[in-house]
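One structure is given here, and the rest of the page talks about it.
Bear in mind that the values in this text are calculations on the coordinates, not laboratory data. Worth saying up front: this structure is predicted, and the values here are computed from it rather than measured. Note that each Cβ is placed from the backbone with ideal geometry, even for glycine, and that neighbours are counted across all protein chains shown.
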Amino acid sequence: MRRRPAWTRLRAVAAFGGVALLGAVPSAHADGPIAIDFDYISRTAGAEQAWRIEVTARTSDGRAPALTLARCVPDEPSCTPLDVTASNGELTYDLPIRERLEATYEVTAVDGTDTAIARSAPYRGQIVAVRPAWIRFDAPQPRVGATATPGPATWFGGGIGQIAGGAQVQACSDPVGGGCRVLSQRLGILHESSLVEPVTLTASEAGAYLRVVERVGGLALLRQPPVVLPPQRLEPWVGDPWTAVSPAFGPVGPASTAPDPGPDARRPDRSSPVAPSVRIARSLRRGARRTVAVVRCPRACRVAATLRRGRRKVVLRTGTRRAGTVRVNVAPTVLRRLGGSRLRVTIAVDGRVRARGTVALAPRSRH
């Protein structure tokens, strides 16, 4: 099986259970009879994101152990074996396009009496930008001579710790992305505000609309040589499942000699016009999957529901990639684990607590 560059992989090295994750913590090989390399690989699948698991296992003397793969989901008592064929100590499994959030994958390697197990970091589904990138200007309006400072998008999903990728500042002839050219480009780790440097607008940007396009590391993006190319030789990225495009800022006006009004007027208002609404159920009936809360999001959002009874706690996570309704469902196994007749529920949206309440647990229906 052909090895891929390190930027596309989540790497787990296991020897009798020891695991290290590239991107989350430094990777380290553990000593042991069997070593396992576990990778998430981005692959092409038409107009949607797609991911693949690749596993390679070898014994200390070079033999190829037998491999099996299982899918592990929170709140389920055991992992579900997957029907995957392994050959010569190597295994490949294409994840479903719309895989369930928070699933992990467990690889078991067996060679005679020796066994090693490696479990992946949670796979959180397709990588999406839950908040687009933005641009701040050192002037009330974008104009020639002003400095545009890009800010990063917020990403969620995938199965990797740090999301590698790149960002471009583009100047377009219209606000919908027509006739764009690249002003600046940088490759590195997304979420970092220093990924793209500030750009000083020149007379050639007059009348243009500025936007920031971030792209997730994948599709050979970071294979580009680490050389600085003139902006006119860079290919502008367009919207696809691997990119996040900021709103258009502009048009860029002519140079102005008006006095600077100060920092308070420079910062655009990026707050959402409508806050998410939350409705928590008053009671749940045991014995079936129930909806503990309903969240209406005016845009893409991440929802975390914390269920408590005494010292026992369970956190349920879900979300939506666009404006809509999110239902937080709780499985019977979670209710049995918590026990009791009343639960305290806290709902957080995008990391901010939006509602708290108490839910009564009704007895199982006899009908």
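By the scheme Lys and Arg +1, Asp and Glu -1, what is the net charge of all other residues having a beta-carbon under 11 Å from that of residue 58? Kindly include the intermediate steps, with their values, before the conclusion.
Numbers: positive: 63; negative: 37, 61, 90, 111.
In short, -3.
What size of dipole, in debye to the nearest 20, comes out for region 277-362 about its Cα centre when the only charges are +1 on Lys and Arg C-beta atoms and -1 on Asp and Glu C-beta atoms? Intermediate values should be presented prior to the final figure.
On the way: 25 positive and 1 negative charges, 34 e Å.
The calculated dipole for region 277-362 is roughly 160 debye.
If we count other beta carbons within 10 Å of each Cβ, what is the order of 119, 311, fewest first?
Values: 119 18, 311 5.
Ordered from fewest to most neighbouring Cβ atoms within 10 Å, 119, 311 come out as 311, 119.
Out of all DSSP beta bridges in region 277-362, what portion is antiparallel? Express it as a percent rounded to 5. Could you put the intermediate results ahead of the total?
Working: 34 of 37 bridges.
Roughly 90 percent of the beta bridges in region 277-362 run antiparallel, per DSSP.
Whole number please: convex hull volume per residue, Cα atoms of region 41-127, in Å³. Working shown, then result.
Details: hull volume 9.2 nm³, N = 87.
Hull volume over Cα atoms, normalised by residue count, gives 106 Å³.
With a sphere of radius 11 Å drawn around the Cβ of residue 106, what net charge do the other residues whose Cβ falls strictly inside it have (Lys, Arg +1; Asp, Glu -1)?
Working: positive: 71, 119; negative: none.
The answer is +2.
If r is the Cβ-Cβ distance from residue 138 to residue 64 and R0 is 41 Å, what FRET efficiency results, to the nearest 0.05?
Plugging the Cβ-Cβ distance into 1/(1 + (r/R0)^6) gives 0.10.
Grab the other residues whose beta carbon is less than 14 angstrom from that of residue 202, score K and R as +1, D and E as -1, and report the net. Intermediate values should be presented prior to the final figure.
Numbers: positive: 143, 181; negative: 205.
Summing Lys/Arg as +1 and Asp/Glu as -1 gives +1.
Take residue 202 and residue 360, extend 7 Å from each Cα along the Cα→Cβ direction, and tell me the distance between the two endpoints in nm.
7.2
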